[in-house]
Amino acid sequence: MRYPAIALLIPIFQSCIGNSLYAQFPTIELQAISQPAAQLGTTIDLKVSAGSRTDELSDLVFSDSGILAESVKEPAKLLSDASISTGAFKVTLSDSTPRGLVDVRALGRFGVSNPRSLLVTQQPIHAVATDHASLSTAIAWRPSTIFLSHCQPLKRNYYSLTMKSGDTLRAVCYAKPLDSLAIPSMILLGPDRSELASGRAIANWPAEIEHTASRDGEYHVIINDFLYQGGSQHAYVFEAAVRSPQAAIQVLELDALLRPTLESRPPAADHDSALLDHHASFHEKHLISQDLSLKKDQNLWIEVFSQQCGQLTDPRLIIYRLPDGTGTSEQSPRQLVEQDDPPAIGDVVKIFSQDPQLLWKAPEDGNYRFVLLDNESGRRPPDATAVRLLIRSAKPSFNLYAYIPYPANDLNTSRPTGSNLMRGGAESVRLLLQRQAGFIDAVTVTAEGLPTGVAASPLIIPAGSNAGSITLTCTENATAWNGALRFVGHSMTAETLTAESQAATLLWARSPTHNAIQSRLCDQLRLSIGEQDTAPIGIQLGGDSVHEVAQGAKLSLPIKVIRRAGGNAACLLRPKDLPPKTSLSDVTIAADKNDGTAELTIAGDTPLGEYTFWMQNETKVKWRDNPQSLVREESYLTKLNEQLALTSDAAQRSAIETAITATSARVDELKKATAERELTVWIPSDSVRLKVVAASQ
């Protein structure tokens, strides 16, 4: 299934900042898979078609357990018993695999990747493998078939079909739900090659065409990226149906699976007790109005569901007090409240909605009118303007979102990342708190079900805040592990109020043509612990105890640097998520030092309560990528040379000599690839737990 579509955005920056794939510890990044759509009950060939650090892939992990991947192996090399992974997989979808979108991750030498989407369909998938960038190479349309292809740079893709006069064509092309960068644009050409209709995708909505033929003949559908870009990251799915004048309207499977609806984001479980639950559409009227009789000081939580469910709208809410009809001078509705967009939450991943949310009390007994207006305008599909107004008694609650941030000091450089927690290393998880219906309490977030060797101190998100980070730290003797992470938030005043985090992922880094970082919700966060690498450096901050400090005082926190091979450079530590009205300067620890001190200043009016904060260490390390691969290849080369010295048979010697030549070339390549180099890395410290108390009189 696809998870709810929330606008996950970051502001557009003035300049385009380049991203270095190697200014960090190596972690696998998955950008595209070769076939992001498959029919249930089939087996397909699947491989990573775009990404970085995809060395030595061993498995694909799907959010649906009914989808299985088997690594495709090459025969063992001469004088070796071990088969060789090709990085390709045979993926089998059972007949019972649910239709819709699932997440897939790659597991390899450098951890577990970020997810990408795979669409599971009932109808056959025709993956177009040939060039079809001209009328003469157009792909012939087939009924009850979904075509999977990729936009090509500076080219158009062509599809041909035959229609009779009176036939009606409906065609749709989806891309963004596949985590694709493509913005499909579609054109219908008539038998005389004239343009008859066109459509372009907007957000999760497809490029679509509906046209009734006026003459018999051959028609062509043209699909290209709106920006004329293309490649493995620009996949799309295309489906069309032709019906005669007497035939019933057919719902395309792509529409049934991918078209946004209000149901994509259901309200809270207690919505059955709603005072008002009204469904409507802005398609035929710009203004939607509902009246409700209310009691004075009745505490209400008012929610609108539209844009956050993928609709192409921007609702605005206005509340009026209606005349009571008692003969007073007030004869027209009196405006009380106007609400537009609620504040966004987060930094790189932003929980952002254009749907109003409002905690409100009626000032007196009487009748009230709730009016919805649409700030959005322009041509849109008729079913892209649905809206739901839900009014219920306020019950404070919160939602929790978690994602793995890209390790850097400059958020502009953020890009998709997976998990590759090294022995002795640390990774950060970012938590976002969305407060609802008047919830103002502090929240404690804990990581549950962590594997042996991994620890995480609880995070406190104080009242008035909506974000924080948890640091996962790994011992030097931890065993390899790959599994899901679980984070649970607990209200610090209402013990029964809890929420488990929903996972999010970064989709795409900024680029000159897509200059906003893109994100979405996903099935889960996954952690990967590797046994082959040990982190060159680690940072311990403050110790394990809760530090109690009075308002107006200062607190000295010890910093300990754990240095290992390659981690001998100076460290620059910057504070993150400091409590309100506290200050902490950056701390530099020289290359020949292992200890330091952070001096935290607490203002006299710092709010009382408990907090957590951490520091980010920017340093340089000496690093070699996957040196084990060179050791293996050199060992194999030695074995070949030893066997050559013992072999007199001419044919066997020739075979061994050929293998030696190829292996020697591979060794030379690996010497370059695994050579030591200097990386700039950003490493989280563990968290400090702080309790601010009143100053003694």
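Can you give me the number of residues within segment 230-262 that are farther than 18 Å from Tyr158 by Cβ and not in a helix (DSSP H, G or I)? First the steps, then the outcome.
First, pick out the residues of segment 230-262 that are farther than 18 Å from Tyr158 by Cβ: 231-233, 241, 243-262.
From the residues that got through so far, the ones that are not in a helix (DSSP H, G or I) too are 231-233, 241, 243-252, 259-261.
Residues flagged as farther than 18 Å from Tyr158 by Cβ and not in a helix (DSSP H, G or I) within segment 230-262 amount to 17.
Restricting attention to strands (runs of 3 or more DSSP E) lying wholly within segment 331-436, give those where 1 or more residues are of a type in the set (Gly, Ala, Ser). Walk me through it before giving the result.
Values: elements: 334-339, 357-361, 366-374, 386-393, 397-403, 421-423, 426-436.
Because the criterion is at least 1 residues that are of a type in the set (Gly, Ala, Ser), the strands (runs of 3 or more DSSP E) in segment 331-436 that meet it are 366-374, 386-393, 397-403, 426-436.
Kindly establish whether Lys593 is modelled with pLDDT of 95 or more, part of a loop (DSSP other than H, G, I, E, B) and open to solvent by 30 Å² or more (accessible area, probe 1.4 Å). So Lys593 fits the description; yes.
Of all residues in segment 289-337 being at pLDDT below 95 and β-branched (Val, Ile, Thr), which is least open to solvent (accessible area, probe 1.4 Å)? Here the answer is Thr328.
When only residues in segment 569-590 that are surrounded by fewer than 16 Cβ atoms within 10 Å (Cβ to Cβ) and of a type in the set (D, E, K, R) count, which is nearest to Gln551 (Cα to Cα)? Checked segment 569-590; the qualifying residue nearest to Gln551 (Cα to Cα) is Lys581.
From the list Glu657, Glu669, pick out the single residue that is more than 13 Å from Leu78 (Cβ to Cβ) and modelled with pLDDT of 95 or more.
Values: Glu657 fails: more than 13 Å from Leu78 (Cβ to Cβ).
Testing whether each residue is more than 13 Å from Leu78 (Cβ to Cβ) and modelled with pLDDT of 95 or more leaves just Glu669.
State yes or no: is Ser491 touching an Asp or Glu at 6+ places or on another chain (Cβ under 8 Å), modelled with pLDDT of 95 or more and closer than 27 Å to Phe62 by Cα? When the stated conditions are applied, Ser491 does not pass them. Considering segment 272-288, and only residues there that are in a loop (DSSP other than H, G, I, E, B) and either over 33 Å from the mean Cα position of the chain (by Cα) or without any contact (Cβ under 8 Å) to a residue 40 or more places away in the chain (or both), the residue that is surrounded by the most Cβ atoms within 10 Å (Cβ to Cβ) turns out to be Leu275. Of all residues in segment 187-207, those that are over 19 Å from Ala256 (Cβ atoms) and either open to solvent by less than 10 Å² (accessible area, probe 1.4 Å) or hydroxyl-bearing (Ser, Thr, Tyr) (or both) total 4. Entry remark, segment 81-103: residues being in contact with a Pro (Cβ under 9 Å, 6 or more places away or on another chain) and within 14 Å of Glu70 (Cα to Cα) number 2 in total.
Only residues that are more than 14 Å from Phe398 (Cβ to Cβ) and of a type in the set (Val, Ile, Thr) were counted in segment 461-504, giving 5. Can you confirm whether Thr647 is of a type in the set (S, T, N, Q) and open to solvent by less than 90 Å² (accessible area, probe 1.4 Å)? For Thr647, the condition - of a type in the set (S, T, N, Q) and open to solvent by less than 90 Å² (accessible area, probe 1.4 Å) - is met. The one condition from (1) exposed (fewer than 14 other Cβ atoms within 10 Å of the Cβ); (2) of a type in the set (A, V, I, L, M, F, W, C); (3) in contact with a Ser or Thr (Cβ under 6 Å, 6 or more places away or on another chain) that Ala129 does not meet is (3).
The values are calculated or read from the model by the stated rules, or taken from the named source; none is laboratory data. Bear in mind that the values here come from a model prediction, so they are computed numbers and not experimental data. We place every Cβ from the backbone using ideal geometry, glycine too, and count neighbours over all the protein chains shown. Please note that ligands, DNA and RNA were not included when accessible areas were found on the heavy atoms of the full protein model with its side chains. Shrake-Rupley method; radii C 1.70, N 1.55, O 1.52, S 1.80 Å.
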